[in-house]
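Shown next, in structure tokens, is the structure this report addresses.
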Amino acid sequence: MAFKINDSIAYTGKIDWELRKFHGSQLSTHRGSSYNSFLIRDEKTVLIDSVWTPHTAEFIRELKKIIDLNEIDYIVSTHAEPDHSGALPHLMAAIPDTPVYCTKNGVKSLQGYYHKDWNFQPVKTGETLNLGSKELIFVEAPMLHWPDTMMAFLTGDNILFSSDVFGQHIASEYMYNDLENEFEVYSEAMNYYANIVAPFSKKALSKIDEFDKMNLPLEMIFPAHGILWRNNPREIVDKYLEWANGYKENQVTIVYETMYNSTRKLAEAIAAGIKDSDSDVKIKLFNAAKTDTSDLVTEVFRSKAMLAGSPNLNGGILNNMAALLEELAGMSLTGKKAGAFGSYGWSPANIKHLNSGLENAGFELTGKGVKTTWAPDEKALGLAYDFGKEFAEAVK
Ligand code: FEO
């Protein structure tokens, strides 16, 4: 569904209200998403990005309602991931000679996906595309979050087309930040940051610094997913600076998995110990088997410390905890503390496994953890409570 943004820019993307899983089944998108694409008309006409492959037919059909495809002079591909480039093969079949502006790595990725030798025009930071009265200034943004990623700044309207950066997975009728619920928008922006951008926080900091030094008169930021930052775009930029800079709230997140509630009882006793030692800290408990993994990643991202619990299973830990630790290992977390706990029958290998998983994910361990055999009795629950008190002191 195309809609007018102003007299020279149309939204040509797809608002996907149904989407609940993304990156295969890896990432949850509770509020849907959108694949943002834009048509800019000046003396020359340029299309910025397209949509995810399954929406190709609708994208082309809707685009044809507002322009003869042969009137598109240029295509800009800010990112080759198929959620933004998926419709290009069909579009390029219709207008095969149209120049495609992207980074050098963008050429590699687009060729890797589609095996076509389109009229690629690789660009670097600072290079421009003249549209007539306005121009696009390209800004490479490698590893935010792919090697090919770039942004483009439109002079005149002073809009930064930021690709995945500053995105959120939200389907919205309104598509503008000033018309949407602020809490929902920032919650989803943080989910997006924690799950997609966080491993590249250093790149985010240096790219924002580089962009600021370009002294461009930024008025709006249009990311490739979710609502458009039409009002006060600096606010999301400042949020990124905060999130990228060792972000942590006064929160301890306790994530556990349990077979017969023994490890759950330990989790609750630990939480009581933390609370009695520090009444200000926010404590959240989650059963990893009953909680969405993307949400857990966000909760851990925002926490100053994490406690991970699992009973022993065949010399290891239960699979949802194992999957979470594996995911956290890719996040390049820094400055967060952690501890392990769990019950076992005859081998406490679970604690060793949890500790090594936490260390591998970049946490600083506060101790060896706490464990109990079989179901915890009052004495074991007391040990867990004391462990909670000590943990609260260690992470204050
Ligand atoms: Fe939204 Fe990295 O693609």
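Read the figures in this text as sums done on the coordinates, not as results from a lab. Remember, it's a predicted structure, so these values are computed and weren't measured experimentally. Using ideal geometry, Cβ is built from the backbone for each residue, glycine included, and neighbour counts are taken over all protein chains shown.
Counting only Cβ charges, +1 for Lys and Arg and -1 for Asp and Glu, the dipole size of region 68-210 around its Cα centre is about 700 debye.
Ranking Ser279, Asn232, Val46 by Cα position along the charge dipole of the chain, where only Lys, Arg, Asp and Glu carry charges on their C-beta atoms, puts Ser279 farthest toward the positive end.
Based on the Kirkwood radius over alpha-carbon pairs, what value in µm²/s does the Stokes-Einstein equation return for the translational diffusion coefficient of region 158-284 at 10 °C and 1.306 mPa s?
Rounded, D is 94 µm²/s.
For region 1-145, a crude dipole built from +1 on the beta carbon of Lys and Arg and -1 on the beta carbon of Asp and Glu, taken about the Cα centre, is about 380 debye to the nearest 20.
Rounded to the nearest 0.05, the FRET efficiency derived from the C-beta distance between Asn314 and Met1 at R0 = 56 Å is 0.60.
Could the peptides 351-358, 1-8, 378-385 be put in order, highest first, of the mean number of other beta-carbon atoms found within 10 Å of their residues? Each step should come with its number before you reach the end.
Details: 351-358: 21.4, 1-8: 13.0, 378-385: 16.5.
Ranked from most to least packed, the peptides come out as 351-358, 378-385, 1-8.
Pairs of Cα atoms nearer than 8 Å and 6+ residues apart set the relative contact order; for region 219-266 it is 19 percent.
Quick one: net charge around Asn320, please, counting Lys, Arg +1 and Asp, Glu -1 for every other residue with C-beta under 12 Å from its C-beta. Net local charge, Asn320 excluded: -3. Give me the Debye-computed log₁₀ of I(q)/I(0) at q = 0.10, 0.15 Å⁻¹ for region 244-396, equal point scatterers on Cα only, no solvent, two decimals. Calculated log10 I(q)/I(0) at the listed q: -0.28, -0.66. Think of region 286-349 as having a plus end and a minus end, set by charges on the Cβ of Lys, Arg, Asp and Glu; of Ala329, Ile317, Ser303, Ser303 sits farthest toward the positive end of this dipole. Counting only Cβ charges, +1 for Lys and Arg and -1 for Asp and Glu, the dipole size of the chain around its Cα centre is about 1100 debye. Sequence-distant contacts, meaning Cα pairs under 8 Å at least 6 residues apart, place the relative contact order of region 87-214 at 16 percent.
The Cα trace of region 1-77 gives Rg and Dmax of 13.6, 43 Å, the first to one decimal, the second as a whole number.
Taking Cα pairs under 8 Å and at least six residues apart, what relative contact order does the chain come out at, in percent? The value is 11 percent. For the peptides 302-312, 319-329, the ranking by packing is 302-312, 319-329, with the highest mean count of neighbouring Cβ atoms within 10 Å listed first.
If one computes the Cα centroid of region 178-208 and of region 363-396, what distance in Å separates the two points? About 34 Å separates the Cα centre of region 178-208 from the one of region 363-396.
Mean projection of the alpha-carbon convex hull of the chain over all orientations, in nm²? Each step should come with its number before you reach the end.
On the way: hull surface 80.0 nm².
With the hull built on Cα positions only, its mean projection is 20.0 nm².
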